[in-house]
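So the structure is just underneath, and the comments pick up after that.
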Amino acid sequence: MNTTTALTTSICILGAGPAGIVLGHILLKNGIDCIVIDKYNREEIYARGRAGAIESTTFQLLNKYGLADTILQKGRTQNSCEFRYPQGSLVFTYSDLSDGDVHYVYPQSNLNDDLIQKYIDAGGKILLHHEGQKITQTEDGVTVECYAQDIGEKVIIHADFVAGCDGYHGLARQSIPDQAVTIYNKQYNYRWLALLAYAPPAANHAIYALHPDGFAAFLLRNNHVSRYYLQIPLHDQLQDWSDDRIWENLQKRLAKSGCKLPIGTIFEKRIMALRNYVIEPLRYQRLLIAGDAAHIITPMGGKGLNLAVQDAGVLAETLVSYYLEKHELSYLERYSEIRLPYIWRAQEFSCSLLNMLHKSESNDPDEVRFHQKLSEAKLLQLTQPTTFAKNFARNYVGII
């Protein structure tokens, strides 16, 4: 006979990714009971992480709660990026224009796994391989029904609130009625070919290429693994891109006099659709959402992981204040009020950078050439400490 387990907590957190696990840490440190659930096991969670650039503001948040030690021990700092285009290149030292702030390069998969282990070691409750199936809200609380996949048992969690950190396809976002929110979308008519290769780094900083054939990028991961991106037509398939064709295009678009691109073995190859997506507000009654459940951003500028962790920080501190200061339920509206302006600033920056560095979406050759010259004009503004350059540096290294 099937059995049911009933649990009670203050906050049920859906998703053990960076947003969910950071939220759990902060609540735990403030004495607020919570349970984290995730439909994947730990190995599957580890395999999902792909980002690697941690902004200064994200690092400061993690450091504030004692969660940054492995980043300091195992990561590396990065204070510049490079823009390459057919007429030359520009190394942009953004730390000089942003009060010395830098990025920390540390793989998301490692960071997430570190945080999960710290959460467990601190006594945090986490239920992995538990798939959320239904959220039911009342005036006094919320119930989450989930299925324990390893033992074939139903688990019901009674909570004051649910924090949806389970991504775009997760239960939290799907549990919000369309009429309760406003949704904003942007789709692009090109995609990225995303690659991981066993290849030494092409540089000690990120490289972005503005090329007539399309955008390309190198992102540092470690001394043995490199991340590359290529802009490709919307309808291209993986089979259209052999390894030889990929390296030929990377060498062409990332070309720089005196610099030879290291070639290695590509071990991961996938096509990424590019889009922007935001839900407003970030709360529906007793359900609050963070990270990819609340917003999708293109990888341009490395904002996704950072937005998710920063969402978690504000959401946690809002919930802590709600409990400790005994606020009314309406107090939770401040979470959306605080986070949405930052989310939109990140969206604007990522979208602008994407437009600046990518081949135009137009099919008109004259418009494509005009767009290329406008992009080069923007890059030239980064060569001097102009207002544009200072704002770019500040937004690139961490929106505050």
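Scanning region 111-135 for residues that are among the hydrophobic types (A, V, I, L, M, F, W, C) and either in contact with a Pro (Cβ under 8 Å, 6 or more places away or on another chain) or part of a helix (DSSP H, G or I) (or both) yields LEU111, LEU115, ILE116, ILE120. Which residues, taken from region 239-265, are part of a helix (DSSP H, G or I) and surrounded by 11 or more Cβ atoms within 10 Å (Cβ to Cβ)? Those that are part of a helix (DSSP H, G or I) and surrounded by 11 or more Cβ atoms within 10 Å (Cβ to Cβ): ASP240, ASP243, ARG245, ILE246, TRP247, GLU248, ASN249, LEU250, GLN251, LYS252, ARG253. Here GLU82 meets the list (1) closer than 30 Å to SER257 by Cβ; (2) surrounded by fewer than 18 Cβ atoms within 10 Å (Cβ to Cβ) almost entirely, failing just condition (2).
Looking at region 179-238, which of its residues are within 19 Å of the chain's Cα centre (by Cα) and either in a helix (DSSP H, G or I) or among the basic types (Lys, Arg) (or both)? Listed by number, the residues that qualify are LYS186, ARG191, ARG221, ARG227. Is it the case that TYR284 is under 30 Å from GLY20 (Cβ atoms), at pLDDT 95 or above and touching a helix residue (DSSP H, G or I) at 6+ places or on another chain (Cβ under 7 Å)? Yes; evaluated as a whole, the condition is true for this residue. Pick from LEU220, LEU238: which is closer than 25 Å to GLU376 by Cα and out of contact with any helix residue (DSSP H, G or I) (no Cβ under 8 Å at 6 or more places or on another chain)? Checking each option against the conditions leaves just LEU220. Restricting GLU268, GLU317 to residues that are in the same structural domain as VAL225 (by TED's automatic domain parsing) and either part of a loop (DSSP other than H, G, I, E, B) or on the phi < 0 side of the Ramachandran plot (or both) narrows the list to GLU268. For the residues GLN310, GLN372, GLN347, the requirement of being in contact with a strand residue (DSSP E or B) (Cβ under 7 Å, 6 or more places away or on another chain), in contact (Cβ under 8 Å) with a residue 40 or more places away in the chain and part of a helix (DSSP H, G or I) singles out GLN347. Only one entry in ALA51, ALA47, ALA16 is assigned to a loop (DSSP other than H, G, I, E, B), within 20 Å of ASP150 (Cβ to Cβ), touching a residue at least 60 places away in the same chain (Cβ under 8 Å) and under 21 Å from the mean Cα position of the chain (by Cα), namely ALA16. Considering only residues in region 1-27 that are among the hydrophobic types (A, V, I, L, M, F, W, C) and within 13 Å of ASP311 (Cβ to Cβ), the one that is surrounded by the fewest Cβ atoms within 10 Å (Cβ to Cβ) turns out to be ILE26.
Residues in region 67-78: is at least one over 23 Å from ASN204 (Cβ atoms) and not in a helix (DSSP H, G or I)? Within region 67-78 (the criterion being over 23 Å from ASN204 (Cβ atoms) and not in a helix (DSSP H, G or I)), the answer is yes, since at least one residue qualifies. Annotation note: of LEU193, LEU171, the sole residue that is within 23 Å of VAL225 (Cα to Cα) and surrounded by 21 or more Cβ atoms within 10 Å (Cβ to Cβ) is LEU193.
The values are calculated or read from the model by the stated rules, or taken from the named source; none is laboratory data. Because the structure is a prediction, the values reported are computed rather than measured. Note that each Cβ is placed from the backbone with ideal geometry, even for glycine, and that neighbours are counted across all protein chains shown.
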